[in-house]
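The values are calculated or read from the model by the stated rules, or taken from the named source; none is laboratory data. It should be emphasised that the depicted structure is a prediction, and the values quoted were computed from it without experimental measurement. So basically every Cβ, Gly included, is an ideal-geometry build from the backbone, and we count neighbours across all protein chains shown.
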């Protein structure tokens with residue numbers, strides 16, 4: 001398995017999974033993808049159906065990481081995906097499944113289900129990849145006698161998932177940027193209450209896109225990146241994306257009886273990383289009918305999949321919503337899909353994303369490329385605050401199931417794309433406690449809270465407020481790595 005950049009640099013060079021594991025962007029500013037997607041045979045698909053989650057993860061990941069000894073990789077996946085780690089389940093009978101499938105009911109002739117992805121230590125789907133990433137990082141660093149300073153950006157869930165995965169890990173420091181006063185109280189407390197000496201929280205005076213731009217600016221300063229041994233855990237990290245591929249296969253097996261059936265997935269999406277994993281699963285051969293992209297009021301992705309126009313918003317045009325983890329107006333992983341959409345033409349991709357930086361976007365409808373989107377099964381929709389409140393209320397009243405705001409965006413949009421006889425699986429994003437204010441508005445009751453998180457908002461918090469300035473962030477990192 002060899003990895004290439006979406007923008008073409010290093011063609012002919014050898015980049016293994018371990019080579020790109022600790023980094024983020026390629027040297028040319030592009031994103032890494034395998035030179036070709038591994039295919040899953042019918043025999044493999046049949047054999048995988050009965051596997052527990054950890055062993056399914058091993059089978060899928062080894063197709064992308066053939067430079068890691070099989071025994072080591074199997075040990076890593078089995079250590080990661082255990083009922084002890086994913087212990088925040090709402091139904092104890094399903095604890096061993098890691099990602100239980102909860103069927104809500106049949107609507108429009110289609111079974112409508114939630115794939116529970118938020119049973120991990122921070123109650124968000126980000127744990128599914130981040131816990132593995134923490135173990136992979138520690139394994140690789142120890143093997144080579146290296147250290148790593150992780151620089152990341154979060155709109156809420158990525159930060160806490162990364163910090164909980166990396167806290168106490170040998171040879172690793174985490175510097176996490178978040179938009180000051182723009183996360184929920186629970187999300188903020190999860191991150192800022194951590195007192196581990198290798199965790200540094202930085203509240204940036206701006207929005208999430210500003211945090212993300214700082215991370216990219218630092219990553220593109222190659223001298224600083226090398227000197228400070230900077231790595232990333234944001235969704236641009238390839239290992240995170242490929243780890244998320246696993247639960248698409250697991251969800252498919254749970255929703256079907258045979259591999260002749262097809263399913264659709266609806267994915268609440270801001271940075272395009274989670275749904276990009278679904279695209280990769282489909283390219284590998286998973287029988288996926290539709291990939292439904294659900295956005296909130298920050299509808300950059302919905303606009304593209306309706307019109308072919310990708311138009312990023314300025315910070316001043318980014319809405320602060322009640323599904324804040326999707327308050328993103330520049331989807332970092334989108335470039336991976338565009339690369340495949342354009343027949344893997346790096347020169348065109350490079351020009352298009354130069355247009356994003358210089359002109360604010362691009363139009364694939366005018367060039368005729370947008371017509372190919374249907375070949376990849378993508379459709380989309382958007383949700384508003386009123387929509388998610390109504391959906392939270394409706395799902396609770398109909399199915400006695402409490403869902404968070406982002407999952408509500410997913411259910412709302414999923415209902416617009418149901419096909420009779422095709423199971424629709426909505427990827428759950430987080431547990432409702434993370435967004436208590438909206439749950440109280442919708443249901444006039446407190447959200448369910450796992451016992452381990454009782455009183456978390458009252459704990460002392462440790463963080464630093466900095467301006468929207470990449471140079472100041474670099475100074476902060478350098479001061480704490482001397």
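For the stretch 251-260, the criterion of being at pLDDT 95 or above and under 18 Å from the mean Cα position of the chain (by Cα) is satisfied by at least one residue. Checking each residue in the stretch 164-212 for being more than 21 Å from residue 133 (Cβ to Cβ), assigned to a helix (DSSP H, G or I) and within 20 Å of the chain's Cα centre (by Cα) picks out 186, 188, 209, 210. In the set (1) modelled with pLDDT of 90 or more; (2) within 22 Å of residue 482 (Cβ to Cβ); (3) surrounded by fewer than 20 Cβ atoms within 10 Å (Cβ to Cβ), residue 214 fails one condition alone, (3).
A quick yes/no check of all residues on (1) under 24 Å from the mean Cα position of the chain (by Cα); (2) modelled with pLDDT of 95 or more:
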| site | (1), (2) |
| --- | --- |
| 393 | no, yes |
| 397 | no, yes |
| 410 | yes, yes |
| 427 | yes, yes |
| 439 | yes, yes |
| 443 | no, yes |
| 453 | yes, no |
| 464 | no, yes |
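Would you say residue 2 is under 29 Å from residue 401 (Cβ atoms), at pLDDT below 95 and more than 22 Å from the chain's Cα centre (by Cα)? Considered against the rule, which asks whether it is under 29 Å from residue 401 (Cβ atoms), at pLDDT below 95 and more than 22 Å from the chain's Cα centre (by Cα), residue 2 comes out as no. Restricting the stretch 339-351 to residues that are assigned to a helix (DSSP H, G or I) and free of Cβ contacts under 8 Å to residues at least 40 places away in the same chain, the residue that is nearest to residue 271 (Cα to Cα) is 341.
If you go through the stretch 353-362 one residue at a time, do you hit one that is within 30 Å of residue 440 (Cβ to Cβ) and outside any helix (DSSP H, G or I)? Within the stretch 353-362, not a single residue is within 30 Å of residue 440 (Cβ to Cβ) and outside any helix (DSSP H, G or I). Scanning the stretch 279-299 for residues that are in contact (Cβ under 8 Å) with a residue 60 or more places away in the chain and either within 19 Å of residue 407 (Cα to Cα) or assigned to a loop (DSSP other than H, G, I, E, B) (or both) yields 285, 286, 290, 291, 292, 293, 294, 295, 296, 297, 299. Restricting attention to the stretch 254-271, and to residues there that are surrounded by fewer than 24 Cβ atoms within 10 Å (Cβ to Cβ) and in contact with a helix residue (DSSP H, G or I) (Cβ under 7 Å, 6 or more places away or on another chain), which single residue is farthest from residue 102 (Cα to Cα)? Of everything passing the filter in the stretch 254-271, 259 is farthest from residue 102 (Cα to Cα).
Looking across the stretch 138-163, the residues that are over 22 Å from residue 98 (Cα atoms) and either in a helix (DSSP H, G or I) or free of Cβ contacts under 8 Å to residues at least 12 places away in the same chain (or both) come down to 138, 139, 140, 141, 142, 143, 144, 145. Every condition in (1) modelled with pLDDT of 90 or more; (2) part of a loop (DSSP other than H, G, I, E, B); (3) farther than 25 Å from residue 407 by Cα is met by residue 46 except one, and the failing one is (2). Restricting attention to the stretch 409-446, the residues being surrounded by 17 or more Cβ atoms within 10 Å (Cβ to Cβ), touching a helix residue (DSSP H, G or I) at 6+ places or on another chain (Cβ under 9 Å) and over 17 Å from residue 125 (Cβ atoms) number 8. Count of the stretch 104-123 residues, restricted to those that are within 24 Å of the chain's Cα centre (by Cα) and free of Cβ contacts under 8 Å to residues at least 40 places away in the same chain, is 1.
Scanning the stretch 318-327 for residues that are crowded, with 21+ Cβ neighbours inside 10 Å and touching a strand residue (DSSP E or B) at 6+ places or on another chain (Cβ under 9 Å) returns 323, 324, 325, 326, 327.
Sub-7 Å Cβ pairs linking a first residue in the stretch 371-388 that is on the phi > 0 side of the Ramachandran plot and surrounded by fewer than 18 Cβ atoms within 10 Å (Cβ to Cβ) to a second residue that is modelled with pLDDT of 95 or more and assigned to a helix (DSSP H, G or I), at least 6 apart or interchain, are 377/282, ordered by first then second residue. Can you tell me which residue in the stretch 21-41 is farthest from residue 346 (Cα to Cα), limited to those that are out of contact with any helix residue (DSSP H, G or I) (no Cβ under 8 Å at 6 or more places or on another chain) and surrounded by fewer than 18 Cβ atoms within 10 Å (Cβ to Cβ)? Per the criteria, the residue is 41. Only residues that are surrounded by 22 or more Cβ atoms within 10 Å (Cβ to Cβ) and not in a strand (DSSP E or B) were counted in the stretch 2-20, giving 3.
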